[in-house]
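Below: the structure, in structure tokens.
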Amino acid sequence: MPEIQENISLKSYNTFGIEAKAKYFVVFKSVEELKRILRNPEYLNEKRLFLGGGSNVLLLNDFEGLVLKNEIKGIESVFENEENAILKVGGGEVWHEFVLDTIEKQLSGLENLSLIPGTVGAAPMQNIGAYGVEIKDVFVSLEALNLETLEVVFFDREKCAFGYRESFFKHEGKGKYVILNVNFELSKKPAFNVSYGAIKDTLTEMGVTELSSKSISDAVIAIRKSKLPDPAEIGNSGSFFKNPEISKTLFEKVKAEFPNIPSYPIDENTVKVPAGWLIEQAAWKGKRFGDIGVHDKQALVLVNYGEGKGQEIADLAKEIAFSVLQKFGIEIKPEVNFIS
Ligand code: EPU
């Protein structure tokens, strides 16, 4: 039985660097360990919080329950032919370390998703994505533990119901499963995605003439480092809000007043607009209030400069969303999970 610790600071377990205590805290390294913890009668009635890398949570206060940290490791090749390889990866593996491992093995598919904080097990929950690629593009299947029955359940891509920063695990499956391992299909004959303009520009600046997983990964890392704060230096949780998808009718109305608004078509009737642009236009970019603020290079990112509190960040987010609604009539919603 893994040791259950009491009254543990979660500051180093959330990338926002927010000081909050867990009543109980435990690490599990296998599904057997996890089941043993979940069956322990002493903790049956405690509320639970599963943590991966803590990169998508906002801790509003101390957590009066049991925090369980997934450290199920392992990267294993389960299928290989001349074109592809399927890797089975433990949910507790650190995402970026896994990406670097695939690049070293000269497999392609994940290079655009370099340097995203968090763990492999958390990645499918919100279908992480960046620079034109989403995890669903290379996803095969996963296994998750049903927290009620303690059975291991298999999920294929369809069952995961992936959408933009969405999945089954954020809706019907919310709070009901822990992702144990994920299978990814990666390519030995790469079809690189450099559709995102900044990647091409950065590759040119870097003097790269021949594309490789490594060169694209290096370009993505350079772009992320130039725009996004490093959580080791300034607490943050990446994009705090999702980019809103709005009706074409509303978009045309807003565009008439703000002709420079950037947009990406989703379908005939829907348009996605960057929340970072909306927040910048509402004059929040770079604003600091005590120990919290809005990042000066990317307005979509809220930051904790040191002793910021989760509730302060939540209040700021509410104010930002309200001012965007007032200015543009567009609702922006957090991507980050609020934990209380
Ligand atoms: N923009 C501004 N001001 C800002 C920020 C952005 O005007 O302060 C404008 C940019 O000029 C650009 C547009 O907004 O026209 C889009 O900006 P960017 O390419 O930086 O991407 P994003 O839409 O802000 C999304 C993801 C990021 C991902 C990037 C690149 C979401 C919520 N965020 O950001 O993901 O890295 O695209 O693909 O979809 C994350 O989820 O944590 C994350 C960082």
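The values are calculated or read from the model by the stated rules, or taken from the named source; none is laboratory data. Remember, predicted model here, so these are calculated numbers, not experimental data. Heads up, the Cβs are rebuilt from the backbone with ideal geometry, glycines too, and the neighbour counts pull from every protein chain shown.
Quick look at the values:
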| read-out | value |
| --- | --- |
| Condition met for Leu316 (of a type in the set (A, V, I, L, M), over 17 Å from Leu59 (Cβ atoms) and away from the ligand (no atom under 14 Å from the Cβ)) | no |
| Residue within the stretch 138-154 that is among the small types (Gly, Ala, Ser), surrounded by fewer than 21 Cβ atoms within 10 Å (Cβ to Cβ), away from the ligand (no atom under 16 Å from the Cβ) and closer than 24 Å to Asp267 by Cβ present | no |
| Qualifying residue in the stretch 149-163 (condition: assigned to a loop (DSSP other than H, G, I, E, B) and under 19 Å from Gly52 (Cα atoms)) | no |
| Qualifying residue in the stretch 16-26 (condition: surrounded by fewer than 19 Cβ atoms within 10 Å (Cβ to Cβ) and either touching a helix residue (DSSP H, G or I) at 6+ places or on another chain (Cβ under 7 Å) or part of a helix (DSSP H, G or I) (or both)) | yes |
| Flag if Pro229 is in contact with a strand residue (DSSP E or B) (Cβ under 9 Å, 6 or more places away or on another chain) and part of a loop (DSSP other than H, G, I, E, B) | yes |
| Yes/no for Ile266 being hydrophobic (A, V, I, L, M, F, W, C) and loosely packed, with under 15 Cβ neighbours inside 10 Å | yes |
| Criterion violated by Glu210 - all others in (1) within 11 Å of the ligand (Cβ to nearest atom); (2) in a loop (DSSP other than H, G, I, E, B) satisfied | (1) |
| For Lys189: the one exception among (1) modelled with pLDDT of 95 or more; (2) farther than 22 Å from Phe28 by Cα | (1) |
| The stretch 231-258, residues that are among the basic types (Lys, Arg), surrounded by fewer than 18 Cβ atoms within 10 Å (Cβ to Cβ) and in contact (Cβ under 8 Å) with a residue 40 or more places away in the chain | Lys253 |
| Residue pairs meeting the criteria (Cβ under 6 Å; at least 6 apart or on separate chains; first within 18 Å of Pro124 (Cβ to Cβ), in the stretch 37-54; second in a loop (DSSP other than H, G, I, E, B)) | Gly52/Gly118; Gly52/Gly121; Gly52/Ala122; Gly53/Pro117; Gly53/Gly118; Gly54/Asn14; Gly54/Thr15 |
| Test: residue in the stretch 290-310 that is surrounded by fewer than 19 Cβ atoms within 10 Å (Cβ to Cβ), in a strand (DSSP E or B), outside the structural domain of Leu60 (by TED's automatic domain parsing) and among the basic types (Lys, Arg) | no |
| Only listed residue being in contact with a strand residue (DSSP E or B) (Cβ under 7 Å, 6 or more places away or on another chain) and under 23 Å from Val94 (Cβ atoms), chosen from Tyr43, Tyr13, Tyr24 | Tyr13 |
| Members of the stretch 84-126 found to be part of a helix (DSSP H, G or I), within 17 Å of the chain's Cα centre (by Cα) and of a type outside the set (Phe, Trp, Tyr), listed by number | His96, Glu97, Val99, Glu111, Asn112, Leu113 |
| Candidate set from the stretch 269-289 (those that are β-branched (Val, Ile, Thr) and crowded, with 17+ Cβ neighbours inside 10 Å); member that is farthest from Gly17 (Cα to Cα) | Val271 |
